[in-house]
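Participant: Attaching a single structure in structure tokens format; questions to follow.
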Amino acid sequence: MTAKTEEAPAAATQDPKSELPNGAELLIKALVEQGVEVVFGYPGGAVLPIYDALFQQNALRHILVRHEQAAVHAAEGYARSTGKVGVVLVTSGPGATNAVTGLTDALMDSIPVVCLTGQVPTHLIGNDAFQEADTTGITRPCTKHNYLVKAVADLPRTLHEAFYVAASGRPGPVVVDLPKDVLQAKGPYLSKEKVHHRSYRPQTEPEPGAVEQAIELLANAKRPVIYSGGGVINAGPAACEALGQLVRATGAPITNTLMGLGAYPGTDRQFLGMLGMHGTYEANLAMYNADVMLCVGARFDDRVTGRLSDFSPGSTKIHIDIDPSSINKNVMVDLPVIGDVGRVLAAMNARWRERDLATDAKALDAWWQQIEQWRARDCLAFVQDGDVIKPQHAIRRLYELTRERDLYVTTEVGQHQMWAAQYFKFDSPNRWMTSGGLGTMGYGLPAALGVQIAHPESLVIDIAGEASILMNIQELSTLAQYRLPVKTFIVNNQWMGMVRQWQELLHGKRYSESYSDSLPDFVKLADAFGAKGIRVTKASELDEAIREMIETPGPVIFDCCVAQDENCFPMIPSGAAHYEMLLGPNDHAAKPISEEGMVLV
Amino acid sequence: MASSPTPGAPTPGAPNPAAPSVYSTSPGEPPIERRTIAVLVDNEPGVLARVIGLFSGRGYNIESLTVSEVDPENHLSRITVVTSGTPQILEQIKAQLDRLVPVHTVRDLTLAGGFVDRDLALVKVAGTGEKRVEALRIADIFKAEVVDAGLDYFVFQMHHRSDKVDRFIELMKPLGLVELSRTGVVAIARGARGL
């Protein structure tokens, strides 16, 4: 890897007659050509040439975060709320290693991010130089792809390739490692249309035969269910529209994964809510009892399937995905359809109309009657009495008081995240940003920052827990610097709620290290960072306080003090099946959690 | 494909008696199979690390892995990997390999029909007297070539299918095997068509 013999770039630097731009300028030119408007970053020694070039131009806006992890999450929030590629710029060594959590998060949730990392000069690579880390080595398993640029002549091509790889096929993070001497060497520019990737050509068009089979299976289904995930959101608004058409044409019920919320209108009657571990009763039982399941851009995650041997055992399974490695990974499917979700759905809709197909109305009617019975259990019901705020109540009121707004929601990770997924109904895609695959506490605040940069006039709320928020609390300073009016809604139960819930249910109520001790005074903290602090402890004051938060023009930290002992229901205990849901605190697992289940996370 | 269970609400705790999918409840462990897979990749820094990292990161087996540039003009290298696993895992391995950005082609030579494979070993056998004579005799039977020799040792070059190379090495052990170096398997499909 460290071909120290290639000293060409160093020679180019010293060429005085060259009027070519240097590597840093080439980089900025390439970013601008790629349509980049915003870069989230943090400077350091190895990237000083880039920061110098940034200083001398106006096409790119740089947002200075307070920690490199936050730069990546902000880029993710930006990418997810706009459908564009998020761009990160960090320095070598600790800059790059701090970005690793964000990169892994983006990989797990298939978010297109290009992360530019500084590197020590090529002649020092491998010498344990100051702030040197083997960035391509460290990030190889946590990126979709990565590059080390060893010569300035390769820089523009590599940049364009990085954007192509990040955004096409199943999206993901790409790292471009840039040694400092390469950034200072001069070289020619290469525009993006001259760059064609040698090997990477993901299949986007489906096999027509598979499309025909898929619509026939759906047309002949008696108890169909459509289960869609983040792939539909990634495929864009047109794909979401096509999904809606298919759902309406078939009359089938639809459930979304955590990542897929918003792809289909959450307030529609055909929507069953989220499925999986904390999914609704009706969604999980529909999955269990279906005879045909159409999985669209989802990956049969363990949080969705529960016990694999009891996952939708009677259904014929169709799986649409752009990534062939998602097919048959966890669950064997009967009909894989490889292709871009949007194109596959469009093809299915077209053929459905052309062949004038219809589902069996009588069977479907019976199926819906069944589903309505399950829905009538009202599995998300809770009782708010007295003045102690139930966390579910806080989140439901937050939803009801903000639903008419131009709203974007991010979350941290834990109970509040699941409650937000349950009680917020998203009617359009790209409005919901949460760390699904990696489950990264500290995701929500920087992600909200990125969303607010992309949508300065919109209402952006980070629904947080008091533990998660402290993981990237430094970004309050970034909010202050750029006057970003992000609302941080902390559901403060003084516990790492999900950890406490598992300890209660699975570990004999031995609450080991899950109490949020020595919390800061969030109202004073808000004051320290130039934000408005609001604290609510009484249910009777909740609505008024939420309204105050919404009406505040600047950033707000909302400390919502809630009941400490609430658990997130429904819940499928780990290692259990979809029909073994616990619906509330008075429900006990049908049988003790198995040894096997205890091992699962 | 799947049989149709009657629609009805299973109360929580009462499993639906529907006929289960043939996949999810297949009795016993699925059989472990061995496959030889050819992978054509860009010869660029880190590409081997990507392949090896994929196997180690996802817990797949590598029984043998060889790599060498095969097309210097286009900077293409060919990796031959022998791996084993259940059919589902093997399909995953191929899909995951194909997903790596610098990978051009993944071909399952075992599934694609006939292929020839070779493994080359350099085997150093030290000894004198009757054992030395016996080693040479067996080498002759196996058509191993003497590529270096001294008064008290031979270096044999043996190339054939891995199992035959294994057999040769087994026989050399009691005759004074002191050192062994093997290439691992290289393989190519039969027939006129290229990869």
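The values are calculated or read from the model by the stated rules, or taken from the named source; none is laboratory data. The shown structure was predicted, so the numbers you read here are calculated from the model rather than taken from an experiment. In this analysis, Cβ positions are derived from the backbone assuming ideal geometry, glycine residues included, and neighbour counts consider all displayed protein chains. Only protein heavy atoms, including side chains, enter the accessible area calculation; ligands, DNA and RNA are left aside. Shrake-Rupley method; radii C 1.70, N 1.55, O 1.52, S 1.80 Å.
Participant: Would you look at the GNM of chain B, springs on alpha carbons closer than 10 Å, and say which of B:GLY57, B:GLY46, B:GLY150 moves the most?
Facilitator: Checking each option, the largest mean-square fluctuation is seen for B:GLY150.
Participant: Per residue of A:284-291, count partner chain C-beta atoms within 10 Å of its C-beta, then hand back the mean as an integer. All intermediate terms of the calculation are to be shown ahead of the outcome.
Facilitator: Numbers: counts 1, 5, 0, 0, 6, 8, 3, 7.
Counting other chains' Cβ atoms within 10 Å and averaging over A:284-291 gives 4.
Participant: List the relative contact order of the range B:103-195 as a percent without decimals, with contacts defined as Cα pairs under 8 Å and 6+ residues apart. Kindly include the intermediate steps, with their values, before the conclusion.
Facilitator: Values: 152 pairs, mean separation 41.8, N = 93.
So the answer I get is 45 percent.
Participant: Per DSSP H run of n ≥ 4, the term is -39500 (n - 2.57); total these for chain A, divide by its residue number, and report the mean residue ellipticity at 222 nm rounded to 500 deg cm²/dmol. Write out the running numbers ahead of the final one.
Facilitator: Details: 23 runs with 221 residues, N = 601.
That comes out to -10500 deg cm²/dmol.
Participant: Straight distance only, please: which lysines reach the Cα of A:LYS150 with their own Cα at less than 21 Å, same-chain residues fewer than 8 apart left out?
Facilitator: Correct list for A:LYS150: A:LYS4, A:LYS29, A:LYS180, A:LYS186, A:LYS192, A:LYS194.
Participant: Then there is this: Nothing charged except the Cβ atoms of Lys and Arg (+1) and of Asp and Glu (-1): what's the magnitude of the dipole of chain B about its Cα centre? Round to the nearest 20 debye.
Facilitator: Working: 21 positive and 23 negative charges, 67 e Å.
That gives chain B a dipole magnitude of about 320 debye.
Participant: For peptide B:37-44, what's the mean number of Cβ atoms from other chains within 10 Å of each residue's Cβ?
Facilitator: On the way: counts 0, 0, 0, 1, 1, 3, 0, 4.
That average works out to 1.
Participant: I've got another one for you. Distance between Cα centroids, the range A:90-128 to the range B:55-120: provide it in whole Å.
Facilitator: Value for the Cα centre distance between the two parts: 28 Å.
Participant: Continuing with this model, one more query. With charges set only on the Cβ (+1 for Lys and Arg, -1 for Asp and Glu), what does the dipole of the protein assembly as shown come to about its Cα centre, in debye to the nearest 20? Write out the running numbers ahead of the final one.
Facilitator: Working: 73 positive and 92 negative charges, 208 e Å.
Around 1000 debye, computed over the protein assembly as shown.
Participant: Can you give me the distance in nm between label points at A:PHE55 and B:ASP98, each placed 7 Å from the Cα along the Cα-to-Cβ direction?
Facilitator: Output for this residue pair reads 5.1 nm.
Participant: Shifting gears a bit: Treat each spin label as a single point 7 Å out from the Cα along the C-beta direction, and report the B:LEU111 to A:ASP387 distance in nm.
Facilitator: Roughly 6.7 nm, to one decimal.
Participant: On a straight-distance basis, which aspartates and glutamates could pair with A:LYS329 in a cross-link, Cα separation under 19 angstrom, same-chain partners fewer than 8 positions away excluded?
Facilitator: The reachable aspartates and glutamates, counting only those whose Cα sits under 19 Å from A:LYS329, are A:ASP109, A:ASP301, A:ASP302, A:ASP310, A:ASP321, A:ASP340, B:GLU29, B:GLU33, B:GLU91, B:ASP98, B:ASP108.
Participant: Within the range A:504-544, report the chymotrypsin sites (Phe, Trp or Tyr not before Pro) that DSSP leaves as loop and that have at most 15 other Cβ atoms within 10 Å.
Facilitator: On the way: sites: A:TYR511, A:TYR515, A:PHE522, A:PHE529; in loops: A:TYR511, A:PHE529.
Here the sparse-neighbourhood loop sites are A:TYR511.
Participant: Same structure again: Over the range B:33-108, what lengths in whole Å, largest first, do the semi-axes of the equivalent ellipsoid take, defined as the square roots of 5 times the eigenvalues of the alpha-carbon gyration tensor? It would help to have the intermediate numbers written out before the result.
Facilitator: Values: eigenvalues 85, 28, 22 Å².
Its equivalent ellipsoid spans semi-axes of 21, 12, 11 Å.
Participant: From the residues A:GLN270, A:PRO156, A:ILE469, which one has its Cα farthest along the dipole of chain A in the positive direction, the dipole being from +1 and -1 charges on Cβ of Lys/Arg and Asp/Glu about the Cα centre?
Facilitator: Positive-end residue among those listed: A:PRO156.
Participant: Taking the Cα centre of chain A as the origin and placing charges on Cβ (Lys, Arg +1; Asp, Glu -1), which of A:PHE529, A:VAL486, A:GLY126 is farthest toward the positive end of the dipole?
Facilitator: A:GLY126
Participant: Students often forget the sequence filter, so: which lysines lie under 23 Å Cα-Cα from A:LYS222 once same-chain residues fewer than 8 apart are removed?
Facilitator: Within reach: A:LYS317, A:LYS362.
Participant: Shifting gears a bit: For the range A:331-458, what does the alpha-carbon gyration tensor say about shape, rounded, prolate or oblate, given a ≥ b ≥ c as the root eigenvalues, a/c under 1.5 as rounded, and a/b over b/c as prolate? Could the numbers behind the result be given before it?
Facilitator: On the way: a/c = 2.15, a/b = 1.38, b/c = 1.56.
Cα axes put the range A:331-458 in the oblate bin.
Participant: Rounded to the nearest 5, what is the percent of antiparallel bridges among the DSSP beta bridges in chain A? Don't jump to the answer; show the numbers that get you there.
Facilitator: Working: 4 of 69 bridges.
In chain A, approximately 5 percent of DSSP beta bridges are antiparallel ones.
Participant: Let me ask you something else. Provide Rg over Rh for the protein assembly as shown; use the alpha carbon set for both Rg and the Kirkwood Rh (inverse mean inverse pair distance). Walk me through the numbers before you get to the answer.
Facilitator: On the way: Rg = 29.5 Å, Rh = 29.0 Å.
In the protein assembly as shown, Rg relative to Rh is 1.02.
Participant: Please give the length that would be gained between A:THR537 and A:LEU20 if that part of the chain were fully extended, namely 0.36 nm times their separation in residues minus their C-alpha to C-alpha distance (nm, one decimal). The partial results should precede the final answer.
Facilitator: Working: separation 517, 0.36 × 517 = 186.12 nm, distance 6.28 nm.
Full extension from A:THR537 to A:LEU20 adds 179.8 nm.
Participant: Could you pull out the trypsin sites (Lys or Arg not before Pro) across the range A:469-513 that fall in loop regions by DSSP (anything but H, G, I, E, B) with no more than 12 other Cβ atoms inside 10 Å?
Facilitator: Numbers: sites: A:ARG483, A:LYS487, A:ARG500, A:LYS509, A:ARG510; in loops: A:ARG483, A:LYS509, A:ARG510.
Those that pass, being in a loop and sparsely packed, are A:ARG483, A:LYS509, A:ARG510.
Participant: Normalised by the residues of chain A, what does the relative contact order come to in percent, with Cα pairs under 8 Å and at least six apart? Walk me through the numbers before you get to the answer.
Facilitator: Values: 1353 pairs, mean separation 80.5, N = 601.
Rounded, it is 13 percent for chain A.
Participant: Of A:ILE322, A:GLY306, A:ALA238, which is farthest on the positive side of the dipole of the range A:210-350, counting Cα position, with +1 on Lys and Arg Cβ, -1 on Asp and Glu Cβ, and the Cα centre as origin?
Facilitator: After comparing all options, I get A:GLY306.
Participant: Rounded to the nearest 0.05, what FRET efficiency is calculated for A:GLU193 and B:GLU130 with R0 set to 60 Å and r the Cβ-Cβ distance?
Facilitator: Values: r = 74 Å, r/R0 = 1.24.
Efficiency for this residue pair is about 0.20.
Participant: Using only protein heavy atoms and a 1.4 Å probe, how much accessible area in total is buried between A and B, to the nearest 100 Å²? Working shown, then result.
Facilitator: Values: alone 23710 and 12210 Å², together 32750 Å².
That pair of chains buries around 3200 Å² in total.
Participant: Would you mind calculating the relative contact order of the range A:241-349 from Cα pairs under 8 angstrom and at least 6 residues apart, reporting the percent as a whole number? Numbers along the way, then the final one.
Facilitator: Values: 159 pairs, mean separation 24.5, N = 109.
22 percent.
Participant: Another question about this same structure. Hey, what D do you get for the range B:118-186 in µm²/s if you plug the Kirkwood alpha-carbon radius into Stokes-Einstein at 4 °C and 1.567 mPa s?
Facilitator: 112
Participant: Return the distance in nm (one decimal) between the two label points of a simple spin-label model at A:ALA350 and B:THR183, each offset 7 Å from Cα along Cα→Cβ.
Facilitator: Simple spin-label model gives 5.0 nm for this pair.
Participant: Also, quick follow-up: Counting only trypsin sites (Lys or Arg not before Pro) that are in a DSSP loop and have at most 16 other C-beta atoms within 10 Å, tell me the longest site-free stretch of chain B.
Facilitator: Working: sites that count: B:ARG58, B:LYS143, B:ARG161, B:ARG190, B:ARG193.
Longest stretch, sites excluded: B:59-142.
Participant: Could you list, in their original order, any pairs among B:LYS124/B:LYS164; A:LYS390/A:LYS487; A:LYS509/A:LYS538 whose Cα atoms are separated by more than 22 Å?
Facilitator: On the way: B:LYS124/B:LYS164 17 Å; A:LYS390/A:LYS487 20 Å; A:LYS509/A:LYS538 27 Å.
Violating the 22 Å Cα-Cα cut-off are A:LYS509/A:LYS538.
Participant: Give, rounded to the nearest 20 debye, the magnitude of the charge dipole that the range B:33-108 has about its Cα centre when Lys and Arg contribute +1 at Cβ and Asp and Glu contribute -1 at Cβ. Please list the in-between numbers first.
Facilitator: Values: 8 positive and 10 negative charges, 61 e Å.
With Lys and Arg at +1 and Asp and Glu at -1, about 300 debye.
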